[in-house]
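Only one structure is covered here, and it is reproduced in the block below.
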Amino acid sequence: MAGTVLTGLIFNDEKEKKESEVMCMGNIRQYNLNGVMIIGVDNGYGNTKSVHRTFATGVIKSNEKPAFSKDVLEYDGVYYIIGEGHKEFVAEKVVDEEFYIMTLAAVATELMERKVYGGKVHLAVGLPLKWVKEQRESFRNYLLKNRFVEYTYKGEKFSIELVGCTVMPQCYAAVAENLKDFMGLIMLADVGNGTINLMQLNNGRAAESKSWTENFGMHHCFKLIQDTVCDKTATKLPEEIIENFLRGGRLDVSNSYLALMESAAKEYVKGVFRILREHGYVEDVMKLHFIGGGARIIKEYGEYDEARTSFDLDIRVTVKGYEYYCYMMLRRQNGR
């Protein structure tokens with residue numbers, strides 16, 4: 001409905017959290033409510049993130065225990081090598097078991113950080129802005145299909161009870177705690193591997209009619225780099241080289257190859273700004289804020305007004321937002 005506020009929650013300074021509910025480990029908070037651990041998982045198409053760990057979104061299934069890899073999850077008599085292989089982009093995340101398995105792995109990483117290996121867990125997850133309404137229930141049911149789950153990850157045994165799952169809108173959840181910092185008219189852009197989520201904020205408020213999901217994530221940049229290099233040199237670059245380039249990792253390629261990769265990245269970024277303008281972005285009248293795994297590429301290869309454009313390069317900012325957002329929702333539901 002036009003003009004509808006995207007969420008009924010308006011986050012002010014409501015941070016009267018009890019020590020028994022919120023614990024801080026370094027600068028990362030751990031949320032617990034009524035004996036239930038709230039654990040966020042960002043099920044990205046390129047990477048799966050928990051607040052402490054990031055691994056490539058990919059699973060290799062095996063009926064036999066792998067000989068070399070230590071990043072192995074064993075569930076229901078089957079072994080899964082986590083972070084290997086490549087998950088193809090799918091609009092529906094419930095079509096196979098892979099996102100479920102990676103969610104279990106992400107939960108295990110957070111339990112190990114807490115030094116516990118079992119207990120009640122409420123999942124805090126998200127979906128792209130324009131898909132969350134239609135797919136929320138199917139994704140929630142998919143992740144909660146087994147209430148009691150026992151599995152082994154990295155040699156450690158886990159026994160968890162999945163008591164709930166809150167599915168939130170990507171992009172918005174990442175800034176929900178800090179909406180007071182987004183005054184005026186701001187275009188928020190979450191550049192992920194599969195999609196770009198866009199949202200206009202007006203003095204910290206979001207309207208559903210001003211939010212969009214575009215299938216133009218970093219996998220398009222990956223393909224553009226691959227095609228550009230192949231067209232100019234007849235060489236198919238190894239995927240690992242392109243991934244290292246996109247993540248800002250160390251490269252060992254000649255200057256001529258690097259120049260082609262950078263040229264393709266600049267073309268991709270131009271495409272991102274075209275999409276922004278198509279959805280109403282006007283540089284002189286609104287500010288622009290980028291988040292997500294693709295924010296670094298935009299910052300490095302884009303042309304923009306630095307005074308009116310900001311970046312959050314923390315690739316885990318969304319999953320941290322999921323945990324906070326979910327915690328506040330559950331508190332309100334409990335009348336606290």
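Only the coordinates and a few stated rules stand behind these numbers; no lab work does. Source: prediction; values computed, not measured. Note: ideal-geometry Cβ built from the backbone for every residue, glycine included; neighbour counts use all protein chains shown.
The antiparallel fraction among DSSP beta bridges confined to the chain stands at about 65%.
Remark on the chain: hydrodynamic radius 21.0 angstrom, per the Kirkwood mean of 1/r across alpha carbon pairs. What whole number of Å gives the distance from the Cα centroid of region 297-323 to the Cα centroid of region 108-141? Centre-to-centre (Cα) distance: 24 Å. Dipole magnitude for region 217-336: about 620 debye, using +1 per Lys or Arg Cβ and -1 per Asp or Glu Cβ, origin at the Cα centre. In this structure the amide hydrogen of Phe311, modeled in the peptide plane, comes within under 5 Å of the amide hydrogens of Phe290, none closer than 5 places in sequence on its chain. Both radii were evaluated on the Cα set of region 38-145; the Rg over Rh quotient, with Rh as the Kirkwood radius, amounts to 0.95. Checking the cross-link filter: which lysines have an alpha carbon closer than 18 Å to that of Lys287, excluding same-chain neighbours under 8 positions apart? Cross-link targets: Lys180, Lys210, Lys270, Lys299.
Put the Cα centre of region 20-73 next to the Cα centre of region 159-182 and the gap is 15 Å.
With the largest listed first and rounded to whole Å, the semi-axes of the equivalent ellipsoid of region 196-297 from the Cα gyration tensor are 32, 13, 12.
Determine the relative contact order of the chain: mean sequence separation of Cα pairs under 8 Å and six or more apart, normalised by residue count, in whole percent.
The value is 18 percent.
Candidate membrane-span-like segments in the chain, meaning DSSP H helices with Cα atoms spread over at least 20 Å of their own axis and a Kyte-Doolittle mean of -0.5 or above, are 98-114, 218-233, 255-278, 317-333, with no membrane implied.
Rounded to the nearest 500, what is the 222 nm mean residue ellipticity of the chain from helices alone, with -39500 (n - 2.57) per DSSP H run of 4+ residues and division by all residues?
Value at 222 nm, helices only: -10000 deg cm²/dmol.
Dipole of the chain computed with +1 at Lys/Arg Cβ and -1 at Asp/Glu Cβ about the Cα centre; of Gly155, Gly44, Tyr117, farthest Cα towards the positive end is Tyr117. Sorted fewest first by neighbouring Cβ atoms within 10 angstrom, Thr166, Thr228, Thr195 come out as Thr228, Thr166, Thr195.
In region 283-324, a dipole from Cβ-located charges (positive for Lys and Arg, negative for Asp and Glu) runs towards its positive end, and of Val285, Ala295, Tyr322 it is Tyr322 whose Cα lies farthest in that direction.
Farthest toward the positive end of the dipole of region 148-269, out of Ile242, Met183, Gln226, is the Cα of Met183, where the dipole comes from beta carbon charges about the Cα centre. Note on region 135-238: percent of Cα-Cα distances in each 10 Å bin, starting at 0 and stopping at the bin with the largest distance, equals 12, 24, 24, 25, 14, 1.
By counting other Cβ atoms within 10 Å of each Cβ, how are Ser138, Ser211 ranked from fewest to most?
Exposure proxy ranking, most exposed first: Ser138, Ser211.
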